[in-house]
Amino acid sequence: DGGITQSPKYLFRKEGQNVTLSCEQNLNHDAMYWYRQDPGQGLRLIYYSQIVNDFQKGDIAEGYSVSREKKESFPLTVTSAQKNPTAFYLCASTPGSNEKLFFGSGTQLSVL
Amino acid sequence: QKEVEQNSGPLSVPEGAIASLNCTYSDRGSQSFFWYRQYSGKSPELIMSIYSNGDKEDGRFTAQLNKASQYVSLLIRDSQPSDSATYLCAVNRGAQKLVFGQGTRLTINP
């Protein structure tokens, strides 16, 4: 079945540690996105990528980094510079402009 | 002013009644508009998309768009307890970037 796979489902970060969230899609979509969702809030855009080897900062990119070496993969690293990382992280993809987003099942990140 | 604004609720509606969810946006150049439903702890799922002024109906759901007033709404007819969720309004501001509102929490009371 085609879709977006995020892993892990739950992740815990120690202070000063970098952690990486995985996002893989087999939908052959060019554009991929990372969103952050805090409790009771909407989604805020962290980074997005429209093609391989290219990505742009979203509204809240500080403390995060991404790579897009393959069309299928768009991992997100939460660095130690992100002082408040506890949130629900959603990866999404879309086939083109004005098209709906396809979402992964999300990763809940918490701080130990 | 936020780019996309929704009443955060909670909005409580009796079962069988019409639930009305509203959203305003600030960018007049926005071209496409979406309503997503999100259950607690789950990812959003698309309910409706609308691209031109007027109404668009799909089953019990109707999306309404008024670009002059920069307003988009979602009506849910014959509300069911399973409709209880958070509803997110999203607006495409170009370059394939969707901006989301903060969501409206809807509760349908049996």
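Report relative contact order for the range B:5-110 in percent, whole number only (criteria: Cα-Cα under 8 Å, sequence separation at least 6).
Values: 258 pairs, mean separation 40.5, N = 106.
Over the range B:5-110, the number comes to 38 percent.
Can you bin the range B:1-106 into rounded, prolate or oblate? Criterion: square roots of the alpha carbon gyration tensor eigenvalues sorted a ≥ b ≥ c, rounded for a/c under 1.5, prolate for a/b above b/c, oblate for the rest. Don't skip to the answer; put the middle values down first.
Details: a/c = 1.80, a/b = 1.46, b/c = 1.23.
Taking the square roots of the gyration eigenvalues as a ≥ b ≥ c, the range B:1-106 is prolate.
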The extension gain from A:Gln56 to A:Val111, computed as 0.36 nm times the residue separation minus the Cα-Cα distance, is 17.2 nm
Share of Cα-Cα pairs in the protein assembly as shown beyond 29 Å, whole percent, is 27 percent
Most exposed to least, judged by fewest other Cβ atoms within 10 Å, B:Val72, A:Val66 sort to A:Val66, B:Val72
With the 8 Å Cα cutoff and a minimum separation of six or more residues, the range A:26-112 has a relative contact order in percent of 29 percent
Simple spin-label estimate for A:Ser80/B:Asn53, 7 Å along Cα→Cβ, in nm, reads 5.7 nm
With R₀ set to 45 angstrom, the calculated FRET efficiency between the beta-carbons of B:Leu11 and A:Lys14, to the nearest 0.05, is 0.70
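FYI, it's all coordinate maths here, none of it is from the lab. Here the structure is a predicted model, which is why all the values come from computation and not from measurement. Because the Cβ atoms are built from the backbone with ideal geometry, glycine has one as well, and the counts that use them run over all protein chains shown.
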